[in-house]
Amino acid sequence: MSVVIVTGSCGLVGSEAVSLFCEKKFDVVGIDNNMRRSFFGPDGDVDWNKKRLKKLYKNYEHSELDIRNADGINKLFKKFSSDTALIIHAAAQPSHDWAVKDPQMDFGVNANGTLNLLEAFRNHCPQAVFIFTSTNKVYGDRPNSLPLVELKTRFELPASHEYYKGIDESMSIDNCLHSLFGASKVAADILTQEYGRYFGLKTGVFRGGCLTGPAHSGAVLHGFLSYLVRCCITGKKYSVYGYKGKQVRDNIHSQDLINAMYQFFKAPRSAEVYNIGGSRFADVSVLEAIDISERICGKKMNYEYIDKNRIGDHIWWISDVSKFKSHYPDWDYKYGVEDIIKEIFETQKRIV
């Protein structure tokens with residue numbers, strides 16, 4: 001028996017991991033106590049996804065554990081110690097704005113929860129592979145110092161700039177504003193690297209851009225494309241925060257991300273770090289995303305502009321995935337921005 005443990009198993013990334021590994025005939029143990037509802041209210045509720053996964057997969061076992069519960073995590077990892085092949089850690093408090101409301105809980109979930117998992121991994125199943133879902137927010141607002149040019153619908157880098165095709169892992173994470181969320185994710189990111197480097201374990205850190213897909217329970221504070229499409233369908237007012245709506249994000253479909261993690265699992269490395277997002281294959285500004293959503297939904301978006309950006313927010317982020325592709329050349333994208341928005345629309349129009 002080979003076991004895969006997935007934290008945040010009912011969220012966007014976690015549920016995609018559950019699906020892939022259940023379909024590959026692994027026994028999957030999911031850890032998710034629906035804290036997303038606590039963070040974001042009914043819009044963030046993932047109970048629907050838990051029910052879907054339990055119905056679809058007989059080889060899925062669900063646990064309501066809180067990752068801050070070190071004793072509980074240790075008992076679960078001990079139970080599956082010799083059989084565990086992979087841990088995908090996708091549980092998180094994922095919002096800049098929410099973190100400032102309760103810094104201790106944010107750090108407890110993102111940093112201390114990750115430490116609990118890494119210790120259980122080291123003590124009970126060191127033969128396994130540990131993959132951490134990090135974030136581009138570990139770079140803080142450093143990308144905002146790039147020489148960006150304002151165009152009609154987006155900010156952009158000059159084509160001659162070294163980061164034009166995307167930001168790689170060489171960018172410093174020091175001496176910049178991170179937000180409290182960014183700081184807690186930095187702690188977890190560095191911890192995961194250190195458990196690989198110091199203890200010689202197989203660990204991979206995936207610093208995601210905007211992670212997206214139809215399984216996202218998008219909310220005001222988190223879930224850019226999912227929430228935007230929902231607002232377009234329902235007519236609910238969408239708020240654009242700062243930068244004239246020209247801020248740029250690269251978006252990676254959760255299926256493309258999990259396929260990348262699967263490649264790492266098959267040929268793992270130690271203490272490795274990858275920037276992973278939509279790159280130039282799937283980048284879009286907020287204004288451009290509104291335009292695409294309006295076209296796909298067949299109606300105008302009800303939105304307002306608020307001339308105040310979120311603290312520590314990026315004006316422009318596109319990931320350079322060259323390092324990952326050089327290590328895993330069999331991996332590539334399936335979903336561009338329009339493909340993603342179409343799929344989100346087709347899913348949400350049936351349920352909102």
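The values are calculated or read from the model by the stated rules, or taken from the named source; none is laboratory data. Just so you know, these numbers come straight off a predicted model, no measurement behind them. Backbone-built Cβ (ideal geometry, glycine too); neighbour counts: all protein chains shown.
Considering each residue of segment 102-135, count those that are among the small types (Gly, Ala, Ser) and either surrounded by fewer than 19 Cβ atoms within 10 Å (Cβ to Cβ) or in a helix (DSSP H, G or I) (or both), and give that number. Don't jump to the end; show me each part of the working.
Let us first name the residues in segment 102-135 that are among the small types (Gly, Ala, Ser), namely 108, 111, 113, 120, 128, 134.
Restricting the remaining residues to those that are either surrounded by fewer than 19 Cβ atoms within 10 Å (Cβ to Cβ) or in a helix (DSSP H, G or I) (or both) gives 108, 111, 113, 120.
Qualifying residue count for the region: 4.
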Report task. Give just the number: which of (1) assigned to a helix (DSSP H, G or I); (2) among the charged types (D, E, K, R); (3) within 22 Å of residue 28 (Cβ to Cβ) does residue 66 not satisfy? Result -> (1)
Query raised in the report: Out of segment 7-26, which residues are over 11 Å from the mean Cα position of the chain (by Cα), part of a helix (DSSP H, G or I), surrounded by 24 or more Cβ atoms within 10 Å (Cβ to Cβ) and hydrophobic (A, V, I, L, M, F, W, C)?
Result: 17, 18, 21
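A quick yes/no check of all residues on (1) hydrophobic (A, V, I, L, M, F, W, C); (2) closer than 23 Å to residue 137 by Cα; (3) assigned to a loop (DSSP other than H, G, I, E, B):
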residue	(1), (2), (3)
300	no, no, yes
310	no, yes, yes
326	no, no, no
330	no, no, yes
340	yes, yes, no
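Yes or no: segment 27-49 includes at least one residue that is assigned to a loop (DSSP other than H, G, I, E, B) and within 25 Å of residue 128 (Cα to Cα). Steps first, please.
Going residue by residue through segment 27-49, those that are assigned to a loop (DSSP other than H, G, I, E, B) are 32-34, 45-46.
Remaining after also requiring within 25 Å of residue 128 (Cα to Cα): 32-33.
The answer is yes; a qualifying residue exists.
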Query raised in the report: With (1) basic (Lys, Arg); (2) modelled with pLDDT of 95 or more; (3) in contact with a helix residue (DSSP H, G or I) (Cβ under 6 Å, 6 or more places away or on another chain); (4) buried (at least 18 other Cβ atoms within 10 Å of the Cβ) as the list, and residue 78 as the residue in question, which single condition is left unmet?
Result: (4)
Query raised in the report: Here is a list of conditions, (1) closer than 21 Å to residue 182 by Cβ; (2) in contact (Cβ under 8 Å) with a residue 60 or more places away in the chain, and residue 283 meets all of them except one; can you say which number that is?
Result: (2)
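Any idea how many residues of segment 31-46 are of a type in the set (Asp, Glu) and either buried (at least 22 other Cβ atoms within 10 Å of the Cβ) or more than 12 Å from residue 12 (Cα to Cα) (or both)?
First, the residues of segment 31-46 that are of a type in the set (Asp, Glu): 32, 43, 45.
Narrowing the set further to residues that are either buried (at least 22 other Cβ atoms within 10 Å of the Cβ) or more than 12 Å from residue 12 (Cα to Cα) (or both) leaves 32, 43.
Within segment 31-46, residues that are of a type in the set (Asp, Glu) and either buried (at least 22 other Cβ atoms within 10 Å of the Cβ) or more than 12 Å from residue 12 (Cα to Cα) (or both) number 2.
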Report task. Please state which one of 6, 46 is within 23 Å of residue 251 (Cβ to Cβ) and at pLDDT 95 or above. Result -> 6
Query raised in the report: Residues 349, 325: which one is farther than 26 Å from residue 243 by Cα and within 21 Å of the chain's Cα centre (by Cα)?
Result: 325
